[in-house]
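What follows draws every value from the coordinates through simple rules; no lab data is involved. Note that the coordinates shown come from a computational prediction; the quantities given were computed from them, not determined experimentally. Neighbour counts run over all protein chains shown; Cβ positions are idealised from the backbone, glycine included.
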Amino acid sequence: MSKPVVLVTGANGEIGRTLLQRMHTDGRYRVVTVDLTPLPEKYRGFCLETYAGNIMDRYLLDQIAAHHEIEVVFHLAALLSTRGERDPELAHQVNVEGTLHLLRMAQNQSARLGRPVRFIFPSSIAVYGMPSVDEKKKVGRVREQDWNVPITMYGCNKLYCEHLGRYFTQYFRQLSALSSAARLDFRSLRFPGLISAETVPTGGTSDFGPEMLHAAAQGQPYECFVGPDAKIPFMAMPDAVTALVHLLEADRSKLTETVYNVSSFSESAGQIADRVRASFPGAQISFKPDAVRSKIVDSWPEDMDDSRARADWGWKPAYDVERAFAEYLIPTIRKRYGARSA
Ligand code: AKB
């Protein structure tokens, strides 16, 4: 039997590159990608076909679907939270209309194949909105169904698209009694802030963690846009990709929901700075909080309750904070920039 074809949108982004690497190593899928910018040569070599284009281009998506029997979609393309506040209308177009185009394409493909296309959608901690820092501290870990009152366009977009995915999976064309075999199979993860040793994110508000680390490794000063007490959960990129792949491969009958929190460790900006300084003693990290970006981070919970993911499909991060820094972030980043350290 030939290997299933997987479509990855936003493949040239942070998560995308690590996912391509992982799927190449696994060797169980044939990968087709679409991204606004062409993939570097190394990643192109991992793919059956790569398309440089916009997910807003319905014609391009139809072309891709016509040429490949897509059985899985990882829809990673998105405009993140800070970028989304700079251009909320564009964020809505990309994050909501773009997702709708992909869902429509995957739905048509499910009907054509006669079996549900698996649609994996990374959602975010940004779907939550804590009303105050006091409440955030008091609440600690949030469950999926609580505090769903985001304060960013990106958070609103992600929350709505989770609902769209659930709708397409369970109710699409319910008046015409479409069989569930012809509907898609949407599965979503709510990620915390992600930290990769390979790439620096752009346009997000959890970016202070990775930015601090990458600046120190390159010997550059870093001015952090949130205060040292700002605290949210984070996850090392390899765990994020593991979560995506495990959710894809989870037995449908085990899934009690379409949306799952996944979490790993919670650290304040000050704690991350201390860890970075311990590895790069020359690191020049200062704090100059930006009022709006700080407010966004303060609206995100300190931690996410991921017990549902653990119970349903065996989620368990491989990296706690010690291991993430000692075994993944610091050694990989040193290799990347050739940096010297303690
Ligand atoms: C962002 O900062 O916007 C993203 C996210 C938390 O989803 N990294």
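Numerical summary
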item: Long-range HN-HN contacts of PHE74 with modeled amide H, under 5 Å; result: LEU7, VAL8, THR9, ILE120
item: Set LYS137/LYS288; LYS137/LYS158; LYS138/LYS288; LYS3/LYS42; LYS3/LYS316; LYS3/LYS231 screened for pairs whose C-alpha atoms are more than 31 Å apart; result: LYS3/LYS231
item: The range 1-140: Rg to Rh, with Rh as the Kirkwood radius over Cα pairs; result: 1.03
item: The chain: calculated mean residue ellipticity at 222 nm from DSSP helix runs of at least 4, using -39500 (n - 2.57); result: -11500 deg cm²/dmol
item: Over 24 Å [Cα-Cα, the range 150-293], rounded percent; result: 45
item: Around PRO201: net Lys/Arg minus Asp/Glu count, Cβ-Cβ under 14 Å; result: -1
item: Residue-wise HN-Hα coupling along the range 302-319, computed from phi with Karplus coefficients 6.51, -1.76, 1.60 (Hz; x: Gly, Pro); result: 5, 7, 10, 7, 10, 5, 5, 5, 5, 6, 7, 9, x, 4, 7, x, 7, 10
item: Rg in Å to one decimal, and Dmax rounded to a whole Å, for the range 37-90 via C-alpha atoms; result: 13.8, 37
item: At R0 = 35 Å, FRET efficiency that the Cβ-Cβ distance of GLN220 and ARG86 yields, to 0.05; result: 0.90
item: Net charge of neighbours whose Cβ lies under 10 Å from the Cβ of GLY140, counting Lys and Arg as +1 and Asp and Glu as -1; result: +1
item: Stokes-Einstein translational diffusion, the chain - Kirkwood Rh over all Cα pairs, 0.890 mPa s, 25 °C, in µm²/s; result: 120
item: log10 of Debye I(q)/I(0), alpha-carbon scatterers only, for the range 126-169 at 0.15, 0.26, 0.32 Å⁻¹; result: -0.41, -0.91, -1.11
